[in-house]
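Okay, so here's the structure we're looking at.
The values are calculated or read from the model by the stated rules, or taken from the named source; none is laboratory data. Please read all numbers here as calculations on a predicted model, not as lab measurements. Every residue, glycine among them, receives a Cβ derived from its backbone with ideal geometry; neighbour counts consider all protein chains shown. With ligands, DNA and RNA removed, areas are computed over all heavy atoms of the protein, side chains included. Shrake-Rupley method; radii C 1.70, N 1.55, O 1.52, S 1.80 Å.
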Amino acid sequence: MMIGLRGATPWTRISWPQAFTIHPAMCFGSLLLTLVVVELVWRIVLAVRYRPISDCETSQLPHCTVIVPAFNEGVQVYKTLKSLVASDYPKKKLQLIAVDDGSQDDTWDWIKKAKQELGKGLKIIRLQQNQGKRHALYSGFVKSTGSILITVDSDSMVEPLTIRHMVAPFVKDARVGAVAGNVRVLNREKGMIPRMLDVAFVYGFDFMRASQSMVNTVMCTPGALSAYRKSVVIQVLPEWLHQTYCGRPANIGEDRAMTNLILREGNHVLFQQNAMVYTEIPVTYTKLCKMYLRWGRSNVRETIAMSRFAFRKFRKGSMVGARINLLSGWLSLIKTPLFVITLVKIMPQNFSSFGISIVAGILVFQSLAAGIYAWKYNRTSALWAYTYGFYGFLALSWIKPYALMTSHRSGWLTRDIAPKQAQSLSLMGEQPRLITDALHPAHII
């Protein structure tokens, strides 16, 4: 079979094998596109079949502990705690713990205000210095009394039925070790970026995590809202707390790391579509890039970590879906760099046709996100999916390749630390150390 190929000379008639020899990037591009389409069809079939686990009777509800780590959150942590107290859940079965991770603003004052209003229903802990989210969660874990541990970010708000929905899978199935909540954008009206990400989050949760849940392998339980079986957490807690990467403490990606360890121990990880949480996200390009870069580096690390156990018999029952999810993760890591290579090699010679293909691809794939959002929420707002598609291609496509090359870096990027502390760390050339034996809480009330 002959095709036309434009090069430095007029169109030349060559065979397909010759085309792939001349442009191997074209071959890789075609293969990647085929894999992406096949995976997409598979996920559509799974997502259509997905249903959240139904609630259990009130008498069956377990005792659970909700932990809220906070750092320089101000009044928002107070609002988060108030939304949790308003939950439709038996008060005698609900323990609430707020942890101030050495904030330098008025976060502790707002936590104390919540304590004054809520009394014994809220335990509060203050760490003397900022030690990172992983340590803040750990200090809550070790003080918990519930059999189910729920973590909620301090910049998030939950619906009254959220906790009830989150615990249902644990009651219905003893194999469940973790559950991911459904994250939406709280500050949606603050600008273009929150509006775009609201549509992207619906795709990431109502579609991606829904399909992953159907094979019992949600890849990441989000920091904004996650639930864990305490007996499972206790098994992996020391390893999680002491986790390192490239010889340094792993002080990012604590949610994905915990998910991986729970999966490795043979447990199922599910998604509860009806367990809603609304969280604040960045409103500027710089902060958005920092958030995505942190997520990207964590994704590289934990994809490697999952590869160490996913192809052995790590649990009873089928593991095919888990392995497909892992391979999909690797595909996601490599397809952007390969696409950039294809772009550099082919686009100068075929600018118009390649450009049209890119635009068509963005429109086609973003139509799925737009369709899901329009079906579930709002048709007009669904159009932000297309804006996000072009915005992501033009302004964010560098993040995954850069995260892949710099996965050894562990900066939180979107968190502030005290100027003196930042200066001393810089002078010493060190990352903040994880201290497991001395959390040094100034107050536990």
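General observations
- Set of lysines near K316 by C-alpha distance (under 22 Å), chain-local residues within fewer than 8 positions excluded: K172, K230
- Solvent accessible area, Å² - T387, 1.4 Å probe, full protein context: 50
- Reachable lysines from K82, criterion Cα separation under 18 angstrom, eight or more residues apart if same chain: K91, K92, K93, K112, K113, K115, K120, K123
- Under 17 Å of direct C-alpha separation, and excluding same-chain neighbours fewer than eight residues apart, K190 reaches these lysines: K287.
- R0 of 35 Å, Cβ-Cβ distance S397-R308: FRET efficiency to nearest 0.05: 0.75
- Inter-site label distance for L35 and V171 at 7 Å from Cα along Cβ, in nm: 4.3
- Förster radius 35 Å - calculated FRET efficiency between L404 and S59 (Cβ-Cβ, nearest 0.05): 0.10
- Area of V364 that stays accessible when all protein chains are in place (1.4 Å probe, Å², to 10): 100
- Applying 0.36 nm per residue to the separation of Q235 and K376 and subtracting their alpha-carbon distance, the gain on full extension is 46.9 nm.
- Here M166 sits with roughly 0 square angstrom of accessible surface, probe radius 1.4 Å.
- Potential extension, C246-D105 segment - 0.36 nm per residue separation minus Cα distance: 47.5 nm
- Stretch gain in nm, segment Q116-S352, where the contour uses 0.36 nm per residue and the Cα spacing is subtracted: 78.4 nm
- If you plug the beta carbon distance of V364 and T145 into 1/(1 + (r/R0)^6) with R0 = 60 Å, you get a FRET efficiency near 0.75.
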